[in-house]
Amino acid sequence: MTSLVLTVTETLRYRGALGQWSWVLHRITGLGVVFFLTLHVIDTSWAVFYPALYVEAIAIYQTPLFTIGEFALIAAVVYHALNGLRIAVIDFKPVWWKHQQRAAIYVLIGSVIICIPVFILMFGHVLDFYNDPNRQVLGLDVVIRSQIPFAIGIALAVVAAVVLAGLYGLIAGNGSKTAASKRKPQGSRIERFWWSYMRISGVLIVPLVFGHLAMMHVIQGVFDITAAGHTVVGTGLINESGTSVEFVASRWNALIAGIAVWRIYDFGLLALVVVHGFNGLRLVLTDYTNFSPTLKRAAVLFSVIGAVILLTLGSLALILTIDSTAIEIAKEAALELHP
Ligand code: HEM
Ligand code: HEM
């Protein structure tokens, strides 16, 4: 706790180098995207497991609160990606360290330059939607109520991590100084691996995540996911029922040269982003729990539990098939939501 309070107060008090602010922004944007990703992978899996819930989830994405969040999400991904590339490139070439400050400014300018046209295009989709006299928007009460299970789930994962960490401490002990120092060489080898993983995965994520966002925001847009009669982005298939479930089914079932390209694409995105994001979460949480071995272990466990749940759920959804029954259920759910 003390280290968290210290970070916050010192960050606000120390108005020094731009590098320090870009570090804070990198951290906040990374955590924001991890939070979104958690909700996103869970609700995408509903397209397979609970089609009616998926219909509601996408209807919630089409409300004003989530539209604001969507703009913030894009800004966060763009800034985090550009700044992450800056870190990866400069760490790779230590002779460029002297250009850190200038590079941090370029990252800010680059983020604004990318966001302006993207926001204009996204705003076009928002305007089209709100100008449509047939549009139907869920109330804020429904939106807030639908997020309560997520909050409970996250709270339960925190409790499970703290209890397991406490039990482990009781059984194995928190480790003597000698044991810890014996473990150190292996620990630092693992940390070196994660240090490289964050940089390499970050670079690989860039085309995948920007491709995904271009399809879901710019080319088609969140509102078109439920547009009947539209061709589903990246496939030659028409979304006949105009349900979000048929949209996902068309993408995952589409074969290009006999290959389920979007399933493979989404699997690559899922694996890279979840491991990168949750390892990032671990780095941040362990930074602030250094004062207690139990809490530090709980932070690691929480990150591992989160990553395992998302990887399992996301992969199962990608392996299983969305059939015509799921689309029928989705049609009924859409009618119930917007009679
Ligand atoms: C509001 C913004 C977003 C929308 C509307 C959106 C939409 C979708 C949709 C419709 C799918 C279903 C599969 C498909 O059609 O390919 C999907 C899957 C996926 N998205 Fe997004 N996406 C958004 C942002 C993101 C971001 C920022 C990330 C990464 C950080 C991401 C990562 C994923 C992953 C990993 C999957 C596969 C999930 C699974 O295996 O169950 N998405 N997204
Ligand atoms: C789009 C391409 C991305 C790139 C190039 C990138 C790059 C990086 C790099 C290089 C680091 C390590 C920073 C350091 O060691 O100081 C990092 C940290 C992090 N990343 Fe990413 N990343 C990307 C996407 C993502 C996504 C999609 C998420 C969330 C799912 C995410 C979440 C995080 C978090 C939470 C951290 C830890 C921040 C900290 O330690 O302060 N990143 N990223």
Examine segment 223-238 for a residue that is surrounded by 17 or more Cβ atoms within 10 Å (Cβ to Cβ) and within 30 Å of SER303 (Cβ to Cβ), and state whether such a residue exists. no
Mind listing whichever residues of segment 295-321 are in contact with a Ser or Thr (Cβ under 6 Å, 6 or more places away or on another chain) and under 19 Å from VAL48 (Cα atoms)? LEU313, ALA317
Taking segment 214-253 and keeping only residues that are farther than 20 Å from LEU53 by Cβ, touching a Lys or Arg at 6+ places or on another chain (Cβ under 9 Å) and more than 10 Å from ligand 1 (Cβ to nearest atom), one is left with LEU237, ASN253
Which of the numbered conditions does ASN290 fail, given that it passes all the others? Conditions: (1) under 21 Å from ALA214 (Cβ atoms); (2) in a loop (DSSP other than H, G, I, E, B). (1)
Need the failing condition index for ALA165 against (1) farther than 18 Å from GLU70 by Cβ; (2) within 16 Å of ligand 2 (Cβ to nearest atom); (3) surrounded by 15 or more Cβ atoms within 10 Å (Cβ to Cβ); (4) at pLDDT 90 or above, just the number. (2)
Only one of (1) under 20 Å from PRO207 (Cβ atoms); (2) modelled with pLDDT of 95 or more; (3) crowded, with 19+ Cβ neighbours inside 10 Å; (4) more than 16 Å from ligand 2 (Cβ to nearest atom) does not apply to ASP266, and that is (4)
Single condition PHE150 does not satisfy, out of (1) of a type in the set (Phe, Trp, Tyr); (2) within 19 Å of ALA59 (Cα to Cα); (3) surrounded by 15 or more Cβ atoms within 10 Å (Cβ to Cβ): (3)
Within segment 312-321, does at least one residue satisfy the condition of being under 22 Å from the mean Cα position of the chain (by Cα), without any contact (Cβ under 8 Å) to a residue 40 or more places away in the chain and surrounded by 14 or more Cβ atoms within 10 Å (Cβ to Cβ)? no
Just one listed residue, out of VAL107, VAL77, is under 30 Å from VAL137 (Cα atoms), buried (at least 20 other Cβ atoms within 10 Å of the Cβ) and within 15 Å of ligand 2 (Cβ to nearest atom), and it is VAL77
When the residues of segment 257-269 are narrowed to those that are without any contact (Cβ under 8 Å) to a residue 12 or more places away in the chain and not in a loop (DSSP other than H, G, I, E, B), which ends up nearest to ALA47 (Cα to Cα)? ILE264
Unmet requirement for ASP91, which otherwise passes all of (1) near ligand 2 (Cβ under 10 Å from one of its atoms); (2) within 23 Å of the chain's Cα centre (by Cα): (2)
So is THR325 assigned to a helix (DSSP H, G or I), within 17 Å of LEU53 (Cα to Cα), more than 16 Å from ligand 2 (Cβ to nearest atom) and polar (S, T, N, Q) or not? yes
Note on segment 58-72: residues hydrophobic (A, V, I, L, M, F, W, C) and either buried (at least 20 other Cβ atoms within 10 Å of the Cβ) or in contact with a Leu (Cβ under 8 Å, 6 or more places away or on another chain) (or both) are ILE58, ALA59, ILE60, LEU65
Tell me the residue from LEU272, LEU283 that is within 16 Å of ligand 2 (Cβ to nearest atom), out of contact with any Leu (no Cβ under 9 Å at 6 or more places or on another chain) and either in contact (Cβ under 8 Å) with a residue 40 or more places away in the chain or assigned to a helix (DSSP H, G or I) (or both), please. LEU283
Residues in segment 266-287: is at least one over 25 Å from PHE210 (Cα atoms) and in contact with a Gly (Cβ under 6 Å, 6 or more places away or on another chain)? no
When you check ALA59 against the structure, is it over 21 Å from THR44 (Cβ atoms) and among the aliphatic types (A, V, I, L, M), yes or no? no
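A quick yes/no check of all residues on (1) in contact with a Lys or Arg (Cβ under 8 Å, 6 or more places away or on another chain); (2) farther than 22 Å from ILE42 by Cα:
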position	(1), (2)
ARG282	no, no
ASP287	no, yes
ASN290	yes, yes
THR294	no, yes
LEU301	no, no
VAL308	no, no
If we keep only residues of segment 271-306 that are farther than 18 Å from ALA157 by Cα and within 16 Å of ligand 1 (Cβ to nearest atom), then the residue nearest to the chain's Cα centre (by Cα) is VAL273
Of the conditions (1) within 19 Å of GLY202 (Cβ to Cβ); (2) surrounded by fewer than 18 Cβ atoms within 10 Å (Cβ to Cβ), ILE309 fails just one. Which one is it? (1)
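The values are calculated or read from the model by the stated rules, or taken from the named source; none is laboratory data. Quick caveat, the model's predicted, so the values are computed rather than measured. When we count neighbours, we look across all protein chains shown, and the Cβ atoms used for this are built from the backbone with ideal geometry, even at glycine.
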